[in-house]
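Reading through the structure tokens given below for one structure.
The values are calculated or read from the model by the stated rules, or taken from the named source; none is laboratory data. Quick caveat: nothing in here was measured; it's all calculated off a predicted structure. Cβ placement follows ideal geometry from the backbone for every residue including glycine, while neighbour counts extend to all protein chains displayed. Only protein heavy atoms, including side chains, enter the accessible area calculation; ligands, DNA and RNA are left aside. Shrake-Rupley method; radii C 1.70, N 1.55, O 1.52, S 1.80 Å.
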Amino acid sequence: MTDAVPQVTPAAPSPSIAASGLSALSDEGSAPTTDAAMVKDTLHRYLRKHRAALLAKLDGLAERQARWPLTPTGTNVLGLVKHVAGVQAGYLGLVFDRPLPDPPAWLESWDGEDMYASLEETTADVVAFHHRSAAHADATIGALDLDARGVVPWWPEDRRDVTLHRILVHLAYETARHAGHADVVREMLDGLAGDGDGNLADKTAAEWADWRAHLVDIAERAGLAEHDR
């Protein structure tokens, strides 16, 4: 690893993200009423979109790259995927008395084992578990109504009683947050940026280098101005 800034490479459109049905969200809200089924479908599709975006950040990475920690707290792409897989297994499994069958031992650990892949686990192993936990979570979403009741045993006692609606919002937020982490970590690894969904500015690699240099110049000038005040 070096401290050099990677050249920006825009991510190609991801078939898995497209398959999440996000484009259909543009039509929602056009009807005068929004029923519970539509709300559940909207939340579910946002969740699937963010899942797909997170998993796409592993595409093309070698085992070393996928595990490489790029923050002081050790954030790495493969660990983020593993963590989210465990989170969705808990929130859309145990919370609604639908525990994931044959869960891995680390799922019960509070020592950070979900934030990295062990030497015994490959990227393929982690991705396979993510798909298994996602399928179980989707089955829970499909089986329950938005007002179905659950209990989050690891939350404070006065807030443990929840509905599927609340958990879907919470899990979509949690997954999007970690997908964003993975986006930044991947960009720092090899310059791959964005999800290929049109939200990244259209610049060449040279233009991105100039853009970053412009921001560095502003930061340096702001620092000097602050020092002179």
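Annotations
- Scan of segment 102-117 for residues that are in contact (Cβ under 8 Å) with a residue 12 or more places away in the chain and assigned to a loop (DSSP other than H, G, I, E, B), ordered by number: Pro103, Pro104, Tyr116, Ala117
- Considered as a group, the residues in segment 120-178 that are part of a helix (DSSP H, G or I) and among the aromatic types (Phe, Trp, Tyr) include one that is nearest to Arg48 (Cα to Cα), and that residue is Tyr173.
- Residues (aliphatic (A, V, I, L, M) and either in a loop (DSSP other than H, G, I, E, B) or touching a Leu at 6+ places or on another chain (Cβ under 6 Å) (or both)) located in segment 194-229: Leu200, Ala201
- Considering residues of segment 1-47 that are of a type in the set (Asp, Glu) and part of a helix (DSSP H, G or I) only, the residue modelled with the lowest pLDDT: Asp27
- Picking from residues in segment 217-229 that are among the hydrophobic types (A, V, I, L, M, F, W, C) and open to solvent by 60 Å² or more (accessible area, probe 1.4 Å), the one that is farthest from Pro13 (Cα to Cα) is Leu224.
- Given (1) open to solvent by less than 60 Å² (accessible area, probe 1.4 Å); (2) within 20 Å of the chain's Cα centre (by Cα); (3) of a type outside the set (D, E, K, R), index of the condition Val162 fails: (2)
- Screening segment 180-204 for residues that are of a type in the set (A, V, I, L, M, F, W, C) and farther than 18 Å from Gly74 by Cβ and picking the one that is least open to solvent (accessible area, probe 1.4 Å) gives Ala193.
- Count of residues meeting criterion [open to solvent by 30 Å² or more (accessible area, probe 1.4 Å) and either in a helix (DSSP H, G or I) or modelled with pLDDT under 95 (or both)] in segment 84-101: 1
- Selection over segment 50-76 of residues that are in contact (Cβ under 8 Å) with a residue 60 or more places away in the chain, assigned to a helix (DSSP H, G or I) and surrounded by fewer than 17 Cβ atoms within 10 Å (Cβ to Cβ) gives a count of 1.
- Pairs, first under 17 Å from Arg166 (Cβ atoms) and of a type in the set (A, V, I, L, M, F, W, C) in segment 28-49, second modelled with pLDDT of 90 or more and open to solvent by 40 Å² or more (accessible area, probe 1.4 Å), C-beta under 7 Å, six or more apart: Ala36/Asp145; Leu43/Val169
- Meets criteria (surrounded by fewer than 22 Cβ atoms within 10 Å (Cβ to Cβ), under 30 Å from Asp161 (Cα atoms) and among the aromatic types (Phe, Trp, Tyr)) for Trp106: yes
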